[in-house]
1. Set the Förster distance to 41 Å, then compute FRET efficiency between Asp275 and Asn474 from the Cβ-Cβ distance, nearest 0.05.
2. When the distances between all Cα atoms of segment 369-412 are binned every 10 Å from zero, what whole-number percent does each bin get?
3. Taking neighbour Cβ counts within 10 Å as the exposure measure, how do Thr641, Thr460 sort from fewest upward?
4. Apply 1/(1 + (r/R0)^6) to the Cβ-Cβ distance of Asp130 and Asn87, taking R0 = 25 Å, and write down the FRET efficiency to the nearest 0.05.
5. Between segment 133-152 and segment 490-534, how far is it from one alpha carbon centroid to the other, in angstrom?
6. Please work out the ratio of the alpha-carbon Rg of segment 158-232 to 2.2 N^0.38 Å and round it to two decimals.
7. Note the angle between two axes, namely the Cα long axis of helix 246-257 and the longest principal axis of the Cα atoms of the chain, as a number of degrees from 0 to 90, rounded to the nearest 10.
8. Over segment 135-197, what is the relative contact order in whole percent, taking alpha-carbon pairs under 8 Å and six or more residues apart?
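Each value in this text was obtained by applying a stated rule to the coordinates, not by laboratory testing. These numbers were taken from a predicted model, which means no experiment stands behind them. Heads up, the Cβs are rebuilt from the backbone with ideal geometry, glycines too, and the neighbour counts pull from every protein chain shown.
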Amino acid sequence: MKTVAIVQARMGSSRLPGKVMKAVAGHRLIDLLLRRLRQAQTVDEIVLATTEMSLDDQLVNHVAKQGIRVVRGSESDVLSRYLKAVNETGATTVIRITGDCPFVMPDLVDELVSVFHASEEGLQYLSNIDPPTYPDGLDIEVFTAESLHRAGREAHDSYDREHVTPFLRREDGILRDVIRLDRDLSALRLTVDEPDDLIMVEAVMGALAPNLDFNLEALFALYDEQPMLFTVNSAIVRNEGANMSNGQKLWKRAKRVIPGGNMLLSKRAEMFLPDRWPAYFKRTDGCRVWDMDGTELIDAGFMGIGTNTLGYSHAEVDGAVMEVVRNGNMCTLNAPEEVLLAERLVEINSPWAEMVRFARSGGEANAIAIRIGRAASGRDGVAICGYHGWHDWYLSANLADDANLDGHLLPGLNPRGVPRNLAGNTMPFMYNDFAALEKLVATDKIGVIKMEVVRNVEPTDDFLQKVRALADANGIVLIFDECTSGFRETFGGLYKKYGVEPDMAVYGKTIGNGYAVTAVVGRGSVMEAAQSTFISSTFWTERIGSVAALKTLEVMEREESWTQITDTGNDYRTRLREVADSHDVEVVIGGLPSLTTWFVQGENVAGYKTLVTQEMLKRGFLAPPAFYASLAHTPMVLDRTFEALDEVLGIVADCKAERQSLERILEGPICHTGFNRLN
Ligand code: PMP
């Protein structure tokens, strides 16, 4: 008979990396745990079970120095780690302790082990967690090595293997019991998963210092006297980690160190599926994505928010980029490919365009175009229609009147931090409202008109031709922002489809198939104005962008990708309508065919958006109600997407007809819409 306490711990914890080696009250968490556990009288040996990853070497060395046996095994199959420890120690009874519980109670361990051994019926599993009455972090499970062996043979589910004991707690034929406290303290958190937990440990340990060997009674007495000490971390949900994806854990961490969590509103998890969106990727291929849990998903949604019309990880584009990585991306000298790319873009935009400037994001390319346009026209006033980025010149449109940018893709954009005295320089007009634009121009202040060629509605009454004529008559520089629309319906700008040429066009998104490169192309007479001002930045010169764009343009031209993605987008729309009709669900479809967005008509649009996203995710798709087509979206991918959408729209129909409750089906909060500040 040998009773062995196996402590599972690792450095790579996803919510608080390195937590077991973090110091509180002058001691590392793992040392506090081991020190306290050593006082249990019923434990014959303590073993640390960790992973084989080199990240854990530090922990292994630290613990081994204290004479503790260490067993190393799989990171995700923790059950097999336990079995290895059982085999190496010859344990007959196992005590499971997790490394994030520095308050482990030796008296409680002894109580459970004694009850376990004294049981006449031959208990195989005893814990104080099922149901929990003890605080989270005082969890103790005792079981026979034999039943662990059985779990090792019969539990195949990855959840069971990662969490070691679900099989023992669930399976028939295993004699179980539970120790309960005479009051319910299960809401109290004495475990360490998040930074707030460390503050709690510090506070509690501090209050009990210098006695680090306090027992259960002393701890509860402190709780009764000073409950506030224990509450800094009370918002964290018990066992949240077990039910949270690795992506969500990282997203939670991100929001602590990155305001808003990331750099692009349209990639925030809350925009799709709060608490459930996978949030991060490990790998991509075509339209397939592997998330942080290694789950393979099909991106039938935003495809990098419109960057990858050729598909993700395109072999030819990536191959060209690898070559750059081998030969050098950055240098004191310039990258020759930027000249070739400029010539290529002039050719694609002939006959009107003669010169090009490059940047790395759409917003900055737009800012460059505005600077050049203002310099060329000699006037500050800008009339805008559409979304053009985050810079001061654009957001200043919201200074005069907070509603000014409503209807321009992101209503409610907050211009705080944009100098007040920029008010009145950038003025919006609505698409197809030529009279409104004429009115702005009549002020004699407008030097630049910047607009998206088409966003959601087609031009009516020769709108684009009239805008062109108005600009010509008033010496105004006309800029088409083709960041999103470029190369989606023509080999170049959407303007080609309508036969109206601008003075400048801005390209972004698609031209590097996922690599950062954007461009401003323009008439020579206008572009020369760049020389009368200062526009310059180090990373606008890096080589990867130019090389990626040259290769992307080559592949796009060869494959006539704009035709293919438009056909695919139209196919998607037709099928969406058919499936929606078959379920009697009304959907509203918008955008260019290759940039399709849609929503379920009626009340609670955001609720149904969340439902579609949630149910599609369960079926293996990153698919909020939108479809940005790429060459990787083959007919087979579309077939699979619609098999899933058919089921999902069936659920939508059930909710609409009140056969099911939307609120009950939703497994988390409803997604954010527009610009919501994240907490
Ligand atoms: N202009 C348009 C028309 C866009 O669609 C976008 C991006 N959605 C931008 C500018 C801004 O580009 P970026 O996010 O790369 O700065």
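1. Computed FRET efficiency for Asp275 and Asn474 comes out at 0.20.
2. The percentages, shortest bin first, are 26, 54, 20, 0.
3. Values: Thr641 24, Thr460 9.
Listing Thr641, Thr460 from fewest to most nearby Cβ atoms yields Thr460, Thr641.
4. Here the calculated transfer efficiency is 0.40.
5. So the two Cα centres are separated by 64 Å.
6. Dividing the Cα Rg of segment 158-232 by 2.2 N^0.38 Å gives 1.45.
7. Approximately 70 degrees, to the nearest ten.
8. Numbers: 32 pairs, mean separation 34.8, N = 63.
Rounded, it is 55 percent for segment 135-197.
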